[in-house]
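Please read the structure below before turning to the comments.
The values are calculated or read from the model by the stated rules, or taken from the named source; none is laboratory data. The model shown is predicted, which means the values in this text are computed figures rather than measured ones. Counting neighbours? That spans all protein chains shown, and the Cβs are built from the backbone with ideal geometry, glycine included. Side chains included, ligands, DNA and RNA excluded: accessible areas come from the protein's heavy atoms. Shrake-Rupley method; radii C 1.70, N 1.55, O 1.52, S 1.80 Å.
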Amino acid sequence: MSQYASVGSEERYWNRAVNEAIDDEVRDQEVIRDMQAWTSAPGTSTDLVRKLTSLPHYSDIWENLAGAHFTNRPDDILLLCAQVITRILDREKASACVDSQGFAHTWLFAYGRIRYHPNIREWLQDRISEAADWSIEMVNALWDYCCIPKSKYSVFRMEDAELVRRHVVDTIRARVVDGSALIVRLSPNASATLYQLVFDPGDHDDRILADARSWSWLGPHVLAALKSRNVLAARNCGKLLDGRASTPEQVSVDTEVLDQFFGDDASEVIDLIESMIDEFPETHQSHVRNLIGAARRYLTGRTIPETHAGEINDD
């Protein structure tokens, strides 16, 4: 279907919903009224934003009707998306993520209608700053879903994406100043949050500031979180240590993370993870034990002094 056919079908759907009083169209009328009320007085507490962030079926119907209502109104689209994200963060805190109700619906609708908007970089940087107050998972979602240059839904050129990625690093660094600040921003529903934040995994080719050196300042804060015996931090640290190194056939440790994040504290990090292993999901415990073994073997080799077999001291 062409772009023009899609627009035409949206208009026909809108007109049918407005003009027909059929029982199965009542929800359409409700969505239309909510959009009109939001346009008159936008806000995170409006029925439109509240229902988009709580009712999947409502959001599906909204997607069918919103095209006609928001035609040639990219600023309103950005405002609605911002308010949806704000409400998600207010309600879900650290659990806010790409799967939060309303996030994907509104962004998929926005994509294409606001691509290369003159203020899109500043808009997304503001959303990232807001998300960083509450949820690293939502920061990951905003970057991975909206910003990666070769992502299906990216709204950026490469030069803009590099600036936004730098903003991600700087903003997280400004917010995560100790172990406690890290813990409160980790989702209780995910154990790969830090791995995804640091290494930006995916099948895209262009990775920006996705290396251990750019993020090594996180190491002391991860260690502080481990010292407080936070299991969520331990699970995230485990994934950070094996996410790039392990394969389905063999568990290995990412020695670059071990060295650059933790340096001389690496042995303590491994000891702390091991001390909490019984609190990991049972299905993950064997994997983590193998990871600990791989890390200890590496650290033992790293600390053995270099030998000089056959060397003769003439002094």
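For region 45-78, a residue qualifies if it is open to solvent by 20 Å² or more (accessible area, probe 1.4 Å) and closer than 17 Å to A110 by Cβ, and the qualifying residues are D60, E63, N64, A68, H69, T71, N72, R73, P74, D75, D76. Residues of region 266-301 being closer than 17 Å to L194 by Cβ and surrounded by 17 or more Cβ atoms within 10 Å (Cβ to Cβ), which ones? Passing the criteria: A266, V269, I270, L272, I273, M276, F280, V288, L291, A295. If you take the residues in region 19-36 that are modelled with pLDDT under 90 and not in a loop (DSSP other than H, G, I, E, B), which one is least open to solvent (accessible area, probe 1.4 Å)? It comes out as E25. Within region 255-281, residues that are within 12 Å of L226 (Cβ to Cβ) sit with their Cβ atoms under 7 Å from residues that are open to solvent by 40 Å² or more (accessible area, probe 1.4 Å) and basic (K, R), at 6+ positions apart or across chains, in these pairs: I270/R296; L272/K227; M276/R229.
Quick one: is A41 of a type in the set (A, V, I, L, M, F, W, C), loosely packed, with under 15 Cβ neighbours inside 10 Å, modelled with pLDDT of 95 or more and over 26 Å from the mean Cα position of the chain (by Cα)? Break it down into steps so the answer makes sense when it comes.
Values: of a type in the set (A, V, I, L, M, F, W, C): yes; loosely packed, with under 15 Cβ neighbours inside 10 Å: yes; modelled with pLDDT of 95 or more: yes; over 26 Å from the mean Cα position of the chain (by Cα): yes.
Criteria met by A41.
The listed residues are R173, R166, and the only one of them that is more than 14 Å from the chain's Cα centre (by Cα), at pLDDT below 95 and assigned to a helix (DSSP H, G or I) turns out to be R166.
Take the residues in region 102-127 that are of a type in the set (G, A, S) and in a loop (DSSP other than H, G, I, E, B); name whichever of them is modelled with the lowest pLDDT.
Applying the first criterion (of a type in the set (G, A, S)) to region 102-127 yields 102, 104, 110, 112.
Add one more test, that the residue is in a loop (DSSP other than H, G, I, E, B), and what stays is 102, 112.
Values: G102: 97, G112: 77.
Per the stated criteria, the residue is G112.
The residues of region 48-101 that are among the small types (G, A, S) and more than 17 Å from E130 (Cα to Cα), listed by number, are S54, S59, A66, G67, A68.
Rundown of residues vs (1) at pLDDT 95 or above; (2) of a type in the set (A, V, I, L, M, F, W, C); (3) part of a helix (DSSP H, G or I), yes/no style:
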{"site": "R87", "(1), (2), (3)": "yes, no, yes"}
{"site": "R91", "(1), (2), (3)": "yes, no, yes"}
{"site": "S100", "(1), (2), (3)": "yes, no, no"}
{"site": "S129", "(1), (2), (3)": "yes, no, yes"}
{"site": "S151", "(1), (2), (3)": "no, no, no"}
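Just one of the numbered conditions (1) open to solvent by 10 Å² or more (accessible area, probe 1.4 Å); (2) over 23 Å from D259 (Cβ atoms); (3) β-branched (V, I, T) is not true of I208: (2).
Quick one: would you say A192 is in contact with a Gly (Cβ under 6 Å, 6 or more places away or on another chain), modelled with pLDDT of 95 or more and either open to solvent by less than 60 Å² (accessible area, probe 1.4 Å) or over 21 Å from R87 (Cα atoms) (or both)? Reasoning before the result, please.
On the way: in contact with a Gly (Cβ under 6 Å, 6 or more places away or on another chain): no; modelled with pLDDT of 95 or more: yes; either open to solvent by less than 60 Å² (accessible area, probe 1.4 Å) or over 21 Å from R87 (Cα atoms) (or both): yes.
When the stated conditions are applied, A192 does not pass them.
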